[in-house]
Amino acid sequence: MKKIKTLIVDDSAVVRQVLSGLLGGDPEIEVMATASDPIFAIEKMRVSWPDVIVLDVEMPRMDGISFLKKIMAERPTPVVICSTLTEKGAETTMQALAAGAVSIVTKPKIGLKRFLEDASSDIVGAVKAASHANVKRVTAAPPLKVAPKLNADAILPAAGGHAMARTTERIVAIGTSTGGTQALEVVLTALPRICPGIVIVQHMPEKFTEAFANRLNGICKLDVKEAANNDRVLPGRALIAPGGKHMVLRRSGAQYFVEVLDGPLVNRHRPSVDVLFRSVAKVAGKNALGIIMTGMGDDGAAGLLEMRQANARTIAQDEATCVVFGMPKEAIKLGAADKVVSLNDIPGEIVRS
């Protein structure tokens, strides 16, 4: 069996040593080389090109993001970011994901060796998942030219808030994982300001979802934010489940809102797509659209089936445009998807929901 050739690029000798031991101990992975910065890494890559690169962000001589952009421009290769959990690091990691990194493994500034050993299964899993990733360049769809369907609200508000209650009945629920940061950017930046309220689970560690939501909010027409408990789901707003918390949809009268809560991992994830999709099936039913996009594993497949059984419209992203065709594939196998569409067709489906 061909092993996954892995290059570790990190300025910490401890990280390089520990990661080499963890990854090299797996029978499916070969640590072909380590490098203390991107300049040394480039020299090693001239001799042999890796299948996967494990990359730090802040390093001497060349930072990780510049190196990542260089790789993706010259020879796209799966990259796993290994970064600290500082606020600055979180924003930097968002930039790395936008530049084409497949996934992230978070590391603390203290207790590093112990942490890496305790998280060995996650690190090995991230490298194996990355080795199957389709890292061809993702291009954004042009924004949809959809004229809003106006009514009397454009002139004066309706009495008693009934128009708003009617507007908020349409709900879009999206679940995604590996490759989802780029895919969500493609979808959300293509949406007009007038669109249904959106709730999203993107598998991502705690503290990174806020930076991710803030970045999207700065480039999208609609409002994007990390969800907080009791946030209203409104037209033109997208709520992203916070890392380390589950998110469920609730309803009070005609108004939808989200509840953010603790709980055990579901499908090894928190937030879990299945948890969100089940709640949407229960409280929104036929008024909802469920979308499962690129990601490793099967989280969300069963929940999407529950949405379809509740008469919601359901969509899976096609294999050609997925970074990893895991979650959509499992949903399709279950018969959970009404339609299978390309990434660039998803914004149009949302506008028509």
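The values are calculated or read from the model by the stated rules, or taken from the named source; none is laboratory data. Remember, it's a predicted structure, so these values are computed and weren't measured experimentally. Note: ideal-geometry Cβ built from the backbone for every residue, glycine included; neighbour counts use all protein chains shown.
Scan the range 273-295 and tell me whether some residue there is outside the structural domain of THR106 (by TED's automatic domain parsing), without any contact (Cβ under 8 Å) to a residue 24 or more places away in the chain and not basic (Lys, Arg). Checking the range 273-295: not a single residue is outside the structural domain of THR106 (by TED's automatic domain parsing), without any contact (Cβ under 8 Å) to a residue 24 or more places away in the chain and not basic (Lys, Arg). Can you tell which of VAL266, VAL324, VAL275 is touching a strand residue (DSSP E or B) at 6+ places or on another chain (Cβ under 8 Å) and closer than 21 Å to GLN182 by Cα? Just a single option satisfies the conditions, and that option is VAL324.
Considering only residues in the range 275-286 that are surrounded by 19 or more Cβ atoms within 10 Å (Cβ to Cβ) and more than 15 Å from the chain's Cα centre (by Cα), the one that is nearest to PHE325 (Cα to Cα) turns out to be PHE277.
Can you spot a residue in the range 46-60 that is among the small types (Gly, Ala, Ser) and either under 27 Å from the mean Cα position of the chain (by Cα) or closer than 15 Å to VAL127 by Cβ (or both)? Break it down stepwise before answering.
Restricting attention to the range 46-60, the residues satisfying the condition of being among the small types (Gly, Ala, Ser) are 48.
Those left that are additionally either under 27 Å from the mean Cα position of the chain (by Cα) or closer than 15 Å to VAL127 by Cβ (or both): none.
Within the range 46-60, not a single residue is among the small types (Gly, Ala, Ser) and either under 27 Å from the mean Cα position of the chain (by Cα) or closer than 15 Å to VAL127 by Cβ (or both).
In the set ASP63, ASP37, ASP56, ASP10, which member is touching a residue at least 60 places away in the same chain (Cβ under 8 Å) and assigned by TED's automatic domain parsing to the domain that holds THR106? Only one candidate passes the filter, namely ASP10. Restricting attention to the range 287-318 and to residues that are modelled with pLDDT under 95 and touching a Pro at 6+ places or on another chain (Cβ under 8 Å), the residue that is farthest from GLY125 (Cα to Cα) turns out to be THR294. Of all residues assigned to the range 215-222, none qualifies as being in a strand (DSSP E or B), of a type outside the set (Phe, Trp, Tyr) and either touching a residue at least 12 places away in the same chain (Cβ under 8 Å) or assigned by TED's automatic domain parsing to the domain that holds PRO192 (or both).
Given the structure, is VAL18 crowded, with 16+ Cβ neighbours inside 10 Å and in contact with a strand residue (DSSP E or B) (Cβ under 8 Å, 6 or more places away or on another chain)? Show your work before the answer.
Working: crowded, with 16+ Cβ neighbours inside 10 Å: yes; in contact with a strand residue (DSSP E or B) (Cβ under 8 Å, 6 or more places away or on another chain): no.
Criteria not met by VAL18.
The number of residues in the range 228-246 that are under 14 Å from the mean Cα position of the chain (by Cα) and under 21 Å from PRO192 (Cα atoms) comes to 3. Taking THR189 as the residue in question, decide whether it is buried (at least 24 other Cβ atoms within 10 Å of the Cβ) and either without any contact (Cβ under 8 Å) to a residue 40 or more places away in the chain or of a type in the set (S, T, N, Q) (or both). Taking the combined requirement at face value, the residue does not satisfy it.
Counting only strands (runs of 3 or more DSSP E) that sit completely within the range 1-102, those holding 1 or more residues that are under 23 Å from PRO205 (Cα atoms) correspond to 4-9, 52-55, 79-84. Just one residue in the set PRO38, PRO78 is crowded, with 21+ Cβ neighbours inside 10 Å and in contact with a Phe, Trp or Tyr (Cβ under 7 Å, 6 or more places away or on another chain); that residue is PRO38.
For the range 288-308, the condition of being surrounded by fewer than 17 Cβ atoms within 10 Å (Cβ to Cβ), of a type in the set (Lys, Arg) and out of contact with any Leu (no Cβ under 7 Å at 6 or more places or on another chain) holds for none of the residues. Of all residues in the range 326-353, those satisfying the criterion of being among the acidic types (Asp, Glu) and closer than 13 Å to GLY290 by Cα are ASP338, GLU349. Please indicate, with yes or no, whether at least one residue in the range 264-287 is in contact with a Phe, Trp or Tyr (Cβ under 7 Å, 6 or more places away or on another chain) and farther than 22 Å from ASN229 by Cα. Among the residues of the range 264-287, not one is in contact with a Phe, Trp or Tyr (Cβ under 7 Å, 6 or more places away or on another chain) and farther than 22 Å from ASN229 by Cα, which makes the answer no.
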